[in-house]
Amino acid sequence: MSSEDPLNASPNDAVKRSRYTHRQLHLLRQGSTATPLRAIAHIDLDAFYAQCEMVRLGLPRDTPLAVRQWESLIAVNYAARPFGITRMITAAEARKACPNIVLQHVATFREGEGGRWAYRDDSFKNIKTDKVSLDPYRAESRKILKTIKDELDRWCTNEPDGEAHCFTQGLSAGLEKASIDEVFIDLSPLVYSVLLQRYPELRPSLQDENRDAGLPPPPTTAVPWDPEDFLVELDLHEREEDDPDWDDMVMLVGAEIVRAVRRAVWDELKYTCSAGLARNKMLAKLGSACNKPDKQTVVRNRAVQHFLGGYKFTQIRMLGGKLGDQITSLFGTEQVSDLLSVPLEQLRTKLDDHTASWLYGIIRGDDRSEVNPRTQIKSMLSAKSFRPSINSVGQAEKWLRIFAADIYGRLVEDGVLENRRRPRVITLHHRTAQSRSRQIPIPASNAVDENLLFELAKTLMRQVITDGQAWPCSNLSLSVSSFEEGVSKNKAIEGFLLRGDQAKSLSHGSRPRDPNAAASEQLPPEKKRKTDDNGIKRFFAQPPHTDSPVVDEESAQPQPDPDPISAAQRSPPEVHGSAMPYYTCGRCSRSIAELESEEHDDWHFAKDLELQERQEARDVQHQSRPTNSSSSSRGTGTRGRGGRGGRGKPERGQMRLAFQ
Ligand code: CTP
Ligand code: CA
Ligand code: CA
């Protein structure tokens, strides 16, 4: 009765809640993949190699320029594109289409001229004696990455609540260098912090016992988007006039951070880049390519269907390869919009269950892959093809010297001089009528330098010659691999990892110990760490309400513990202070401060989901071969690309350029 009475009716906005919950908001802080409020950015440099050359040569932005490698073009700047110049045409064709174009050849190493690369005017006609060097671009890439990190750190240190340092650590973990000119950034923890600072009503109050209750709505009816942001149009049934929800506010803050990052890259280094911002990596990556150059595109949750509907699914990360081809032929279409009308059950009749569910989700914009900080290089290779083939040890050794210098330069960048990392194995690959390779360990007692690499390469070459049939040789390459970590490697972050449960889980299966290795070398190799859960890292990288145990851990060298279990047991009481009340978690038996119980509860929630998703992703990878329902043969694994560690072949339509 009273509800019918207009005088007594509650005002609309008093009853309206956000469709998102406290728990979903809180999961942002942990960078959990389980929340729909995630903010993931993908930043890609515009015409990257071309911009590197423009910056190096100090050319104005409107000068048409392409980077050439012999007669091919490997990058074309935006000023040259209106002339119809693409990577598909030759240097001569480009000159014809745009007589004023600057055609800058990549830097090269030159046979017989020692191990230094240089820009040479005559490189383009010296394919026989020269070898391309990408060092200048790698160096620029590193500078750009550092600028991006510094800007993010600046945002983090602006945080008022004393947790800035934790966020910095968290973000470093949330930055994935996806190629020489692109990164993914998980902005979630930072956005969470900014949101809480700007909208104190989001802070969970004591009354909010139900973590699955809706959040209060954002205190605005229109999102103040920056006019420079490109917003993907909303889905059909959505309207711009509708009140925003917190996912829009997350994107707003994310867009502000990304804009600041892009501005820093421009201000400090004079590079333009484009960015995509969305709730996951797949959408962010598609977004960054939408409005190039020098623009950022926001894919709001309410725009995902509209956005994806316009794509071919073969353009989606992981569907660019064989799996995409097979799905195309099974369903007779490449369009996402066509596949959207196929019910899950029908997908299941042609694909195995996991692939079907994964595909069903991905075309609806559901991608829970993590931003994965794979910054560590696993191997380095320097190669040259010979046409005509080479026929003497003298010729081969000239190239081996160049390879050694090339690799050594990259090792120095990787921190070999500071003893951060060093390779343990060197391999020579050699091609005559057939390909062969030989490898030997790099002696641990020697400092890795150019000469050592060259001497080892010569030893390997002699072995190849002794084996016989060394000539004519059409391709030679040298690589180093099996990196080990040195003393100063990432102390801070590894310090976090060696806590409690992590210490326990990480210690399992770590490498045999090298008696010469320093303490932190006892850490398991990268591959092993990947099996650890990023959620765990994040959870502990950002402990709430604690009096900075993080700093203690950071300054402490991770101590090798002969008994990992004892390290695990010892950790929690040391980490926490003494006055705080504790309880033992029934699920993981950890000692948890009562103040952190909700956070801990969330962590289990997120971890369960993540484990489940990881399992599903693994299943998809292993079973991504479409099956006729009767077939039970496992065939020759058609692995879904992308996903974890899926950086294999280039995406479809993007030939990997062969650098020689
Ligand atoms: N590149 C490469 N292998 C490929 C594609 C590209 O080595 N398969 C190089 C290109 O020379 C390029 C850089 O990597 O400059 C980045 O590639 P990409 O982002 O695809 O192209 P851009 O040239 O940066 O152009 P865009 O503005 O479209 O990003
Ligand atoms: Ca690019
Ligand atoms: Ca790129």
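The values are calculated or read from the model by the stated rules, or taken from the named source; none is laboratory data. Owing to the predicted nature of the structure, the values given are computational and were not obtained by experimental measurement. Glycine gets a Cβ as well: all are built from the backbone with ideal geometry, and neighbour counts include every protein chain shown. These accessible areas exclude ligands, DNA and RNA; they are computed on the full protein's heavy atoms, side chains included. Shrake-Rupley method; radii C 1.70, N 1.55, O 1.52, S 1.80 Å.
Brief remarks follow.
- Condition met for Ser141 (within 32 Å of the chain's Cα centre (by Cα), under 30 Å from Val258 (Cα atoms) and open to solvent by less than 50 Å² (accessible area, probe 1.4 Å)): yes
- One residue stands out among those in region 258-295 that are over 18 Å from the mean Cα position of the chain (by Cα) and open to solvent by less than 30 Å² (accessible area, probe 1.4 Å): the one that is farthest from ligand 1 (Cβ to nearest atom), which is Ala260.
- Where Pro217 falls short, out of the listed (1) buried (at least 18 other Cβ atoms within 10 Å of the Cβ); (2) outside any loop (DSSP other than H, G, I, E, B): (2)
- A count restricted to region 282-321 and to residues that are in a loop (DSSP other than H, G, I, E, B) and basic (Lys, Arg) stands at 4.
- Within region 178-194, considering residues that are of a type outside the set (Val, Ile, Thr) and within 15 Å of ligand 3 (Cβ to nearest atom), the one least open to solvent (accessible area, probe 1.4 Å): Phe184
- Residue match in region 45-56 (condition: at pLDDT 95 or above, within 16 Å of ligand 1 (Cβ to nearest atom) and over 29 Å from Lys384 (Cβ atoms)): yes
- Selection count where residues are open to solvent by less than 70 Å² (accessible area, probe 1.4 Å) and within 21 Å of Gly114 (Cα to Cα), scope region 343-388: 6
- Taking every residue in region 26-51 that is without any contact (Cβ under 8 Å) to a residue 40 or more places away in the chain and pairing it with any residue that is among the aromatic types (Phe, Trp, Tyr) and within 14 Å of ligand 3 (Cβ to nearest atom), at least 6 positions away or on another chain, yields no pair with a Cβ-Cβ distance below 6 Å.
- 2 or more residues within 16 Å of ligand 2 (Cβ to nearest atom) and of a type in the set (A, V, I, L, M, F, W, C): qualifying strands (runs of 3 or more DSSP E) within region 41-139: 65-69, 72-76
- Residue match in region 250-261 (condition: more than 22 Å from Ser32 (Cα to Cα), away from ligand 3 (no atom under 16 Å from the Cβ) and small (Gly, Ala, Ser)): yes
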